[in-house]
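Quick notes on the structure that follows.
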Amino acid sequence: MKRLLALLLVLVMALSLVACGQSAAPAEESAAPSAGTENTEPAKEPVTLNVVTSYGGDDGNRKNFEAAVKSYEEETGNKVNDGSATSNEEWKAKVLTDFETGSEPDVLFFFTNADAEPFISAGKVVSIDEIRAEYPDYATNMKDSMMAVASDGKQYAVPSSGYWENMFVNKSVLDACGIEVPGPDYTWDQFLADCQTILDNGYTPIACSLVEVPHYWFEFAVMNNGALDNQLEVPTVDADGKLVDDAAAQKWIAALNDLKELYELGYFPKNTLTATDAETVAMFGDGEAAFLIDGSWKVGHFVENYADTLDDYVVSYVPGKGDRSASEAIGGISMGYFITRKAWDDPAKREAAVAFVSHLTSDEVLSTFVTTEVTALVNGAKPSGLNALQQSAADANASITGVVGAVQDTITGEAKGDLFANIQNVVTGKMTAEEAVESAIKLN
Amino acid sequence: MNSMIYKKKTPLLLFLIPAFLFLAVYLYYPFFQNVLNTFMSIGGLGRAAEGWNDPWYENYQRLFTDPYMRTAMKNTLLLIVCTVVFQVGIALILALLVDTIRVGAKFFRVVYFFPIVISATALGLMFNLIFLYKGGMVNQLLLALNQLPYEVKSNGKVIVEWLDWKDQAHFLFTMFMPVLWQNVGFYFVIIVTGLNNIPQDIYEAAALDGADGWRRTRYISLPLLRNVLCTCLVLAITGALKVFDLPWVMFGAGMPENQGWLTGTYMYDQTFNKMNVDYGSTIAVVIVVLGVVLSNVANRVFKPSEDI
């Protein structure tokens, strides 16, 4: 009897192991035929799409994204497994890791620059041409000329709204200090003088977490030490790993030294080396700090969280220095929707993924995401009912005389991570600006 | 009946094999692969190795020259000491106190154990609010008690000198305190169980001999808890080496100014953020070696008594 029982238990255990092992098999079986067949049957049954975007956390467009997902689910009967998060270097690393470990989503909203190259070159996403071969109307509402081109010459992502980076100012702080809202001719010297006045009046001039989000200031500091035309030039190292002392290196070094000067003058928050971005943005929002460099995505954050004091915030201009005018800014269309090879090769998910991207990038839905940003829509976006802050952003953008992409988007994630992690070492004097640039570029 | 089971080894083996296979595939194979990875150049998770390092022990060489690794080791060893002294120490005191009371013992057992069931991430976020720079609970309390200096500007604006609990002067306390607090309950439960296993008649005999509470604790409870405490020490040491989630949520990548690294957070940062997988693997090996060595040392120093 005991022997029989033991045998039975072993059998049950063995069967359960076999069952576990087979659970992944149907997906593999279903994926296999589609690789060889062109005619994929449209999905009859509702499917669940795994979607990852940067519309998570406190993103200003979170609610618009949720509404768009809901309307997609209602229209198609499909379900969306939303794995969205806030965009930062850690999130980017996680997305890339997911691709490398085979756990990528079906649809990904991600950066279209060098950050996407690892999964594009690995063939893990489907090109727009390949999708159009089966779905000729895919992304035809977009201007092809504004779609990002990968290093292999193909286009993969359907662009969403663009972005701009500029300086937000808190009018209530400026008023309390007797300072005018900066205009498009704002200079670095005026800025330094204003910062000192603000500091003397008991406010923090610049809301910025140098340990978490130094990249906006770095970007403009580089432009202030160069020009719009050469913003995207990146320093290089020689065969021995030594930094080549050229114009690109010089402007990066000067940019880091500018940040060091601002830090030493006490214009950043006292806890800038331990504060999170959320803390410093809250300082600005609460009327404790005067200036904040951030992107178009931050407008929604203020609209949602500071509705009562929205009139206090204005989008202004980052002070200009040298050849750069304050009316020159960072901007472009840097993100778009990718359909992964995994979803494309799954007959059940192919159509659902195409429908999802088409829905999210339709004129009607995309217009809800847009206030002042550029889009690639052929017919243009039709935002409605701009509030005071959005109107100020639109006004500032109207005075912009030049826009260029962010240089940090052209270097590898490893180099970028190293550079920004070392900014705290530069401002505290533990490392020279030259050492920080060389250390980062060695990883590029 | 028993003798029959032990004579026939085949069923025993059959039952052991699935668990062994599971461990072999998901623990031992990755571990040995991880050791191999330390000698290779790997530029990202899931990416194929680009070849052997030159020299092959490059990562181990770097361990000794990397200032952040030195910081991580120093902080981790300090955390181990604090864990042993405060976590196990406080757990022991609480367990001895709870063991002596008759009413409310169950209540205190639940209360002290409760932090264990809360996720470390949630605790990290909670302590972030407690130690927040402006408007955090501790700073508000200090302000209410007039313990924070302030200055009144000519325009009437009051500038409070908030205490930065994450700066270089305070970060160790801010980082260690929640970690220690969270796990006291774990050791508390182990020690309370050990105390419950001590036969009551020994205490009764001691009481008849006139031993007071302190003597009963000193000469009965503590000696008979030796093996339990030894287990707690080994668990505390290996546990402290693995601490990651709570400090990561509160301090991220080495805050403040790269002084806040622990071996766990530094390994994660190198592997997942810096994409330096081979060096991250090397740090992982260090963590394992340290765990084995330190727990062996603890076992030898506080050798479990076979008489108990």
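Any read-out appearing in this document is the output of simple, stated calculations on the displayed coordinates, not a laboratory observation. Predicted, not measured: the structure shown is a model, and the values here were computed from it. Positions of Cβ are generated from backbone atoms using ideal geometry, with glycine treated the same way; all protein chains shown enter the neighbour counts.
For this structure, a couple of remarks:
- Summarised in one figure, the compactness ratio Rg/Rh of the protein assembly as shown, Cα atoms and Kirkwood Rh, is 1.02.
- All-pairs Cα distance distribution in chain B, expressed in whole percent, bin size 20 Å: 24, 47, 26, 3, 0
- Descending by average beta-carbon neighbour count within 10 Å, the peptides B:116-128, B:12-24, A:430-442 line up as A:430-442, B:116-128, B:12-24, the highest first.
- The trypsin sites (Lys or Arg not before Pro) found in the range B:84-153 that occupy coil by DSSP, while having at most 11 further C-beta atoms within 10 Å, are B:R102.
- Dividing the helix sum by the residues of chain A, where each DSSP H run of 4 or more adds -39500 (n - 2.57), gives a mean residue ellipticity at 222 nm of -13500 deg cm²/dmol.
- What the Cβ-Cβ distance of B:V35 and B:V110 gives, at R0 = 35 Å and to the nearest 0.05, is a FRET efficiency of 0.25.
- Karplus 3J(HN,Hα) series, Hz, for the range A:268-276 with 6.51 cos²θ - 1.76 cosθ + 1.60 (x for Gly, Pro): 7, x, 4, 9, 4, 8, 10, 7, 8
- In order along the range A:413-421, the Karplus-derived 3J(HN,Hα) couplings, from 6.51 cos²θ - 1.76 cosθ + 1.60 at θ = phi - 60°, round to x, 5, 5, 4, x, 5, 4, 6, 5 Hz, and Gly and Pro are given as x.
- Shielding by partners for peptide B:165-173, expressed as the average number of C-beta atoms from other protein chains within 10 Å of each residue's C-beta, is 2.
- Spatial separation of Cα centroids for the range B:66-118 and the range A:153-189, in angstrom: 49
- The string of couplings for the range B:283-292 from the Karplus curve (6.51, -1.76, 1.60, θ = phi - 60°) is 5, 4, 5, 4, 4, 5, 4, 4, x, 5 Hz, one whole number per residue in order, with x for Gly and Pro.
- Peptide B:145-154 has a mean shielding of 1, counted as Cβ atoms of other protein chains within 10 Å of each residue's Cβ.
- For the protein assembly as shown, a crude dipole built from +1 on the beta carbon of Lys and Arg and -1 on the beta carbon of Asp and Glu, taken about the Cα centre, is about 4280 debye to the nearest 20.
- Summary of packing: across the peptides B:31-41, B:195-205, the per-residue average of other C-beta atoms within 10 Å ranks them, highest first, as B:31-41, B:195-205.
- Mean Cβ count within 10 Å, highest first, over the residues of peptides B:208-221, A:322-335: A:322-335, B:208-221
- Charged neighbours of B:K274, selected by a Cβ distance under 14 Å, balance to -1 (K, R count +1; D, E count -1).
- Under 5 Å, built H, 5+ apart or other chain: amide partners of A:A290: A:T204, A:I206, A:A207
- Note: the range A:44-109, Cα convex hull, 72 Å³ per residue.
- For chain A, the fraction of C-alpha pairs farther apart than 34 angstrom is 39 percent.
- When chain B is described by a simple charge dipole with +1 on each Lys and Arg Cβ and -1 on each Asp and Glu Cβ, the residue from B:G156, B:N139, B:A95 located farthest towards its positive end is B:A95.
- As a calculated quantity, the FRET efficiency between A:T410 and B:T100 at R0 = 56 Å, using C-beta atoms, amounts to about 0.25.
- As a rough footprinting exposure proxy, the listed residues A:D189, B:D99 were ranked by other beta carbons within 10 Å of their own, and the order from fewest upward is A:D189, B:D99.
- Counting Lys and Arg as +1 and Asp and Glu as -1 over every other residue whose Cβ lies under 15 Å from the Cβ of B:N183, the net charge comes to 0.
- Projected label distance in nm at B:E161 and A:V244, using a 7 Å step from Cα toward the beta-carbon: 5.0
- Put simply, the C-alpha atoms of the range B:198-244 give a gyration tensor, and the ellipsoid matching it has half-axes of 32, 9, 6 Å, longest first.
- C-alpha long axis of helix A:188-200 to longest principal axis of chain A, angle in °: 90
- Built amide H within the under 5 Å cut-off of A:M142, gap 5+: A:V378
- Positive-end residue of A:V404, A:V354, A:P205, charge dipole of chain A with Cβ unit charges: A:V354
- Too-long pairs where the Cα-Cα distance tops 24 Å, listed order kept, from A:K143/A:K382; B:K134/B:K166; A:K124/A:K349; A:K298/A:K416; B:K9/B:K303: B:K9/B:K303
- Exercise: per-residue mean of other protein chain Cβ atoms within 10 Å, A:270-277: 6
- The Rg/Rh ratio for the range B:19-173, using Cα coordinates for both the radius of gyration and the Kirkwood hydrodynamic radius, is 1.13.
- Label separation (A:D185 vs B:V293): 6.8 nm, computed from points 7 Å beyond Cα along the C-beta direction.
- Close amide H contacts of A:V80 (hydrogens built in the peptide plane, cut-off under 5 Å, sequence separation of 5 or more or a different chain): A:L49.
- The range A:73-142 gives an Rg/Rh value of 0.99, both radii derived from C-alpha positions and Rh following Kirkwood.
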